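Nothing in this text is a laboratory measurement; each read-out follows from the coordinates by a stated rule. This is a predicted model, so every value here is computed, not measured. Every residue, glycine as well, gets a Cβ built from its backbone with ideal geometry; the counts of neighbours run over all protein chains shown.
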Amino acid sequence: MPKGNIKHEILVVAGHDELSIKAAKEFVRIAVDSIQIKKNFTVVLSGGSTPTGLYKLLASDDYREQVPWPNVYFFWGDERCVPPDDKESNYNMARQILLDKVPIPKENNFRMPADQADHAQASAKYEQMIRTFFHTKTEEIPRFDLILLGMGDDGHTASLFPGTPALFEKKRCVTENYIEKLGLYRLTLTVPLINQAKNIIFLISGESKAPVLKKILEGEYQPQKLPSQFIKPVDGRLLFIVDRAAASKLTNFSKYC
Ligand code: 6PG
């Protein structure tokens, strides 16, 4: 993000394990606070490989008992258009690593129906599921307690890929998105919905992310090429938890340690 453009926090940790530990602590803190205030915690899970360490920790003896799981409501930030038991499915990954290992009522898991053949219908259905849960009217944007995001080495986040139609969606909360470079559709939350969240946490790990992370945080504002730059909470907290390998090209990155 250009300097002074938005308030965001950057925390640089040693490696992927430390990133997962910090993320787990943040998850538990936000969950407990949210449940204390309003009896529920609404969280959007990210796909990809980076958050798997976090999900494993949350299901572990060290963390599992710290979260009142029956008050937690899981949603997904994006999904591949595959069956829910497919190895590519973000839902399937989270289910195997976390959901099946904690006492969450099935009705608390709001899976994106991306396996539906009609992608437009599937995205509209998921939007309706979110709106019904939050009891929001059409023009009101639902506000999640926490949205977890990853970032690709091309600067995409969720399934908001560079130069794709979903980047320009200003009204809908969920949309189908054709990713030309992958030759396939995905479902994704949109920028307006993500930016409405109370807490947005990017989890970014690995040397391959270092060049694009520098561009995103320190370079020119060009979100159509670097969609993660679109992520600017309207009234919330934006935290980047980054390991040293991914932070290695940031100017004076040691100040974030
Ligand atoms: C997905 C994610 C995607 C992911 C990034 C980073 O469905 O793959 O939602 O946005 O977070 O591509 O992926 P890694 O964590 O595997 O690097």
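Here is how the numbers come out for the structure above:
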quantity: For the chain, calculated [θ]222 nm from helices alone, where every DSSP H run of n ≥ 4 adds -39500 (n - 2.57); calculated: -8000 deg cm²/dmol
quantity: More than 15 Å apart - percent of Cα-Cα pairs taken over segment 195-238; calculated: 49
quantity: Qualifying GluC sites (Glu not before Pro) in segment 190-226, DSSP loop, other Cβ atoms within 10 Å at most 14; calculated: GLU220
quantity: Quotient of Cα Rg and 2.2 N^0.38 Å for the chain, N being how many residues it contains; calculated: 0.94
quantity: Rounded D (µm²/s) - segment 30-148, Kirkwood Rh over Cα pairs, Stokes-Einstein at 4 °C, 1.567 mPa s; calculated: 87
quantity: Loop GluC sites (Glu not before Pro), segment 121-182, which have at most 15 other Cβ atoms in a 10 Å radius of their Cβ (DSSP); calculated: GLU139, GLU140, GLU180
quantity: Anisotropy class of segment 150-197 from Cα gyration tensor, a/c 1.5 cut; calculated: oblate
quantity: Max mean-square fluctuation residue, GNM over the chain, Cα-Cα springs under 10 Å, options ASP61, ASP154, ASP86; calculated: ASP61
quantity: Against the rule of thumb 2.2 N^0.38 Å, how large the Cα Rg of segment 69-111 comes out; calculated: 1.11
quantity: Segment 1-102: GluC sites (Glu not before Pro) in DSSP loop, at most 10 other beta carbons within 10 Å; calculated: none
quantity: Footprinting exposure proxy for HIS135, HIS156, HIS16 (fewest neighbouring C-beta atoms within 10 Å first); calculated: HIS135, HIS16, HIS156
quantity: Reachable aspartates and glutamates, given that their alpha-carbon falls under 15 Å from the alpha-carbon of LYS209 and they are not under 8 places away in the same chain; calculated: ASP153, ASP154, GLU218, ASP243
quantity: Cα convex hull of segment 183-257 - mean projected area over all directions, nm²; calculated: 6.0
quantity: Once the Cα gyration tensor of segment 114-257 is diagonalised, semi-axes √(5λ) in Å; calculated: 28, 18, 12
quantity: Segment 93-163 - Rg (one decimal) and Dmax (whole number), Cα, Å; calculated: 14.6, 40
quantity: Excluding exposed DSSP-loop trypsin sites (Lys or Arg not before Pro) (at most 11 other C-beta within 10 Å), longest clean stretch of the chain; calculated: 182-257
